[in-house]
Amino acid sequence: MFDVLIIGGGVSGMSCALVLGSAKNKTFVTDKKIGIFTHQKNSSLQEAIFYNAYGITPGKLGSELLTESTQDLASTYPHITQIPNEKVMKIEGSYPEFTVVTNKNSYKTKNIVVGIGSANTFDIEGLMQFVEPHKKALPEKQRIQLKNEDHKVADGIYAIGTLAGWRSQLAIAAGSGAAVATDILTLWNNGVQTHAHDSIR
């Protein structure tokens, strides 16, 4: 049983995983099992090049960033389970026990974070009732989002990045993933507002 499964290995998903990973020494996180589906084939980063993203060298390819992010997560936070090459097909159950069904396996989890982009080809069974037109995209793009309030779709289900209704800007997507990570840390910390900072002190 996972405590949280993140669906999507793009900017928002990786950002969420990194923040959760960085909290590993907090007493209320040490026993938590965290996983991320790192399927990146359809990520919009595959065609991106960055000149306006904070902390990223100008001219950096999105495809390089995707590869490096999974490597960095594995080396820095090896306690986070990476699940590559699996596509999520269906979500069953309700909080605090969901079953996430992929094209290859099924997994039990207490919480789900969904960050797989806003294309109208979205087809995860069990989440379709939350789909609505994207509020910050041009209508002709036919983008979608999951209906949510401050990223929360339903008890135990969170949307991040463009799927939460944010614009497709790297810094915005990263912040969205980090925001949900701190919400989950707060949940694990019995409702006490919580974040995780790295420091040289």
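The values are calculated or read from the model by the stated rules, or taken from the named source; none is laboratory data. Owing to the predicted nature of the structure, the values given are computational and were not obtained by experimental measurement. Cβ placement follows ideal geometry from the backbone for every residue including glycine, while neighbour counts extend to all protein chains displayed. In case anyone asks, the SASA skips ligands and DNA or RNA and just uses the protein heavy atoms, side chains included. Shrake-Rupley method; radii C 1.70, N 1.55, O 1.52, S 1.80 Å.
Based on what the data block shows, is residue 199 in a loop (DSSP other than H, G, I, E, B), out of contact with any Pro (no Cβ under 8 Å at 6 or more places or on another chain) and open to solvent by less than 80 Å² (accessible area, probe 1.4 Å)? Quick ask: steps written out before the conclusion?
Details: in a loop (DSSP other than H, G, I, E, B): yes; out of contact with any Pro (no Cβ under 8 Å at 6 or more places or on another chain): yes; open to solvent by less than 80 Å² (accessible area, probe 1.4 Å): yes.
So residue 199 passes the test.
Is region 127-134 home to any residue that is touching a Ser or Thr at 6+ places or on another chain (Cβ under 9 Å) and over 30 Å from residue 188 (Cα atoms)? Spell out how you get there, then give the answer.
Applying the first criterion (touching a Ser or Thr at 6+ places or on another chain (Cβ under 9 Å)) to region 127-134 yields 134.
Now restrict to residues that are over 30 Å from residue 188 (Cα atoms): 134.
Within region 127-134, one or more residues are touching a Ser or Thr at 6+ places or on another chain (Cβ under 9 Å) and over 30 Å from residue 188 (Cα atoms).
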- Message: Within region 19-51, take every residue that is closer than 18 Å to residue 171 by Cβ and in contact with a strand residue (DSSP E or B) (Cβ under 8 Å, 6 or more places away or on another chain) and give me the one that is most open to solvent (accessible area, probe 1.4 Å).
- Response: 49
- Item | Count of residues meeting criterion [open to solvent by less than 30 Å² (accessible area, probe 1.4 Å), outside any helix (DSSP H, G or I) and either touching a strand residue (DSSP E or B) at 6+ places or on another chain (Cβ under 9 Å) or closer than 15 Å to residue 2 by Cβ (or both)] in region 68-122 | 18
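Provide a single number: the residues in region 171-190 that are open to solvent by 50 Å² or more (accessible area, probe 1.4 Å) and outside any helix (DSSP H, G or I).
Looking only at that region, the number is 1.
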- Note on the structure: When region 52-67 is checked residue by residue, the ones that are over 26 Å from residue 85 (Cα atoms), open to solvent by less than 80 Å² (accessible area, probe 1.4 Å) and touching a residue at least 24 places away in the same chain (Cβ under 8 Å) are 53, 56
- Which condition number does residue 55 fail, the rest of (1) within 22 Å of residue 195 (Cα to Cα); (2) outside any helix (DSSP H, G or I); (3) touching a strand residue (DSSP E or B) at 6+ places or on another chain (Cβ under 6 Å) being met? (3)
